[in-house]
Every structure is written in C-alpha cells, then in structure tokens.
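For reference, the structure is listed below as structure tokens.
The values are calculated or read from the model by the stated rules, or taken from the named source; none is laboratory data. All figures in this text were calculated on a predicted structure; none of them were measured in a lab. Don't worry about glycine lacking a Cβ; one is built from the backbone with ideal geometry, like all the others, and counts go over all protein chains shown. Each accessible area value is taken on the protein alone, full model and side chains, heavy atoms only, with ligands, DNA and RNA left out. Shrake-Rupley method; radii C 1.70, N 1.55, O 1.52, S 1.80 Å.
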Amino acid sequence: MEIVIGVFLLAGVIKGVIGLGLPTIAMGLLSTVMEPAVAASLLIIPSLVTNIWQLLIGPQFMALAKRLSGFVIGVLLGTWLSFLPSLTSSSTWTLPALGVVLIIYGGWGIMAKKMPSFEKHEIWLSPTIGYFTGVITAATGVFVIPAVPYLQTLKLNKDELIQALGLAFTASTVALAIKLSIDHQQNDIDWGLSFFALIPAIVGMYLGQYFRRVISEKLFRRCFFIGLIGLGIYMAKQWVIMVAS
C-alpha cells in the first residue's frame, strides 16, 4: 500500500508540472513488484481521471478536440489493431528503445533554437501519429511516443500543450482499457486499489499544477524537455534493473 501511495504521488507531481509522466513512472516502478498487465490495469482509473481533469481545465477544449480528432481516431485504431505483441508478451527491447528516443528528443529540444512546425501536414500526419501512438500503447502501456514530440511541433502555448496532452492520454487510456477487456485481462484489475491510487495521484497533480502556474513559458519549456530526458533515462534504467534481476 505504501508503495502505491509513493508511486502515484510522485507520478502525479511530475504530470502536474509537465503534463505527462504518470503512466511512465508508475509502470516502471510497479512493474518491479507485479506483472506489467496488472500494473497497467491498476493505472486505468488514476490515469483516466487525471487526464480528463487535465483535458477539461484548459481554455481550448472544443477547438483542440476538433483539431486533433484525426489523432484520437488513430490512437483508437492503433491500440485495437496493433501489429506489435500485446502488453503481456512485449519484447524486452521496447521500453529501453522508447527511453532512448525520449532522451534524444529531449536533448534536441533543449538545444534547438526553433522547433519545426508540421501544422501544414496535420490533416494526414495527425491520424498517422495517432495510429503509431496506439500501437506502442498496446505493446507497452506507455502513451508518450510519438504523440508528445508531434504535439510539441504544433506551436501550442504551455496551457494548450498540457490540454492537448490530456486529450491524447485520455484517448489512449480508454483505448487501452478496452484492449485489456477484449484480451480478457479484466479479471486482473483490482478496482479498489485502482480507485485508492487516484487519491495520491490527484494530490500530486494538484501540487505539480501549482508549480507550473508560477513558472514562465521559457522555464516551462526547459522543464518539459528535461522531464522527457528524465523519463527516458528512467525507462532505460528500469529495463536494465529488471533484466539484471
């Protein structure tokens, strides 16, 4: 119980500041003490509620929902029609590979003077990126690649980016929950513990959102990319620990 409280409190703070990190941190830590599919099912309620909260508190909900509708449809299709092995049998290289991608992207984001823009190609790129995000979600339980780098190129301000991430992660969480149910893994879900984990997750997210409100746009961007690098290092490190054990 103490492990669950600590994991979701930490993950909630990180998510509150940079808009992501709850499933990544929680999956990494919980997978050391339980099966990945069980850890992913435990995330369903905290992840869904915090993502919906993150989605609804911003000022551009309807505009972003319309703009990213193709992305959301792609996420659903990618999760349900994935060509990668399912979460219970995913290859051991997947998480460290995602971690390396995050490290490279985060480092590039810090050093680059200007982010590229793919706004002109959204009509076909959004569903494509959404599909591959769904494929990776179904295999790993992690929603960040390639969704986060793509959303970062849409030139959103910090509040719009946080809200767009909330939309992307809400779609991914719902799709993953349905996927687990279709795969007959719903019996592994401890709904009571999943509801309980929501409490420290919300407390942590509230604290993180307070920190985000008092920092500048420039500092937020730096924290965002540093957070991506940290998540990448964490994902790769946790894989090494699990393999060594």
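Some observations on this one:
- In the set (1) modelled with pLDDT of 80 or more; (2) surrounded by fewer than 21 Cβ atoms within 10 Å (Cβ to Cβ), the condition left unmet by PHE169 is number (2).
- Contact annotation: residue pairs with Cβ atoms under 6 Å, 6 or more positions apart or on different chains, pairing a residue in the stretch 125-142 that is closer than 20 Å to ILE25 by Cα with a partner that is among the polar types (S, T, N, Q) and open to solvent by less than 10 Å² (accessible area, probe 1.4 Å), are GLY134/THR79; THR137/THR79; THR137/SER172; ALA138/THR79; VAL142/THR24.
- Residues that are outside any helix (DSSP H, G or I) and in contact (Cβ under 8 Å) with a residue 12 or more places away in the chain within the stretch 166-186 comprise ASP183, GLN185, listed in sequence order.
- Pick from the stretch 144-163, criterion buried (at least 20 other Cβ atoms within 10 Å of the Cβ) and β-branched (Val, Ile, Thr), ranking: nearest to PHE132 (Cα to Cα): ILE145
- Qualifying positions in the stretch 186-223 - among the hydrophobic types (A, V, I, L, M, F, W, C), open to solvent by less than 20 Å² (accessible area, probe 1.4 Å) and either touching a Cys at 6+ places or on another chain (Cβ under 6 Å) or closer than 30 Å to MET1 by Cα (or both): ALA197, ALA201, MET205
Yes/no matrix, rows are residues, columns are (1) at pLDDT below 85; (2) in contact with a strand residue (DSSP E or B) (Cβ under 7 Å, 6 or more places away or on another chain); (3) within 15 Å of ILE45 (Cα to Cα); (4) not aliphatic (A, V, I, L, M):
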site	(1), (2), (3), (4)
LEU151	no, no, no, no
ASN157	yes, no, no, yes
VAL174	no, no, yes, no
HIS184	yes, no, no, yes
PHE195	no, no, yes, yes
PRO200	no, no, yes, yes
LEU228	yes, no, no, no
LEU231	yes, no, no, no
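- Criterion: part of a helix (DSSP H, G or I) and in contact with a Leu (Cβ under 7 Å, 6 or more places away or on another chain) - qualifying residue of GLY204, GLY192, GLY130: GLY204
- GLU217 satisfies every condition listed in (1) more than 22 Å from LEU9 (Cα to Cα); (2) at pLDDT 80 or above except (2).
- Within the stretch 73-89, the residues that satisfy the criterion of being touching a Gly at 6+ places or on another chain (Cβ under 8 Å), in a helix (DSSP H, G or I) and surrounded by fewer than 21 Cβ atoms within 10 Å (Cβ to Cβ) are ILE73, LEU76, LEU77, TRP80.
- Enumeration of residues in the stretch 141-165 that are under 9 Å from the mean Cα position of the chain (by Cα) and not in a loop (DSSP other than H, G, I, E, B): ALA147, VAL148, LEU165
- Residue within the stretch 50-63 that is among the β-branched types (Val, Ile, Thr), modelled with pLDDT of 85 or more and in a helix (DSSP H, G or I) present: yes
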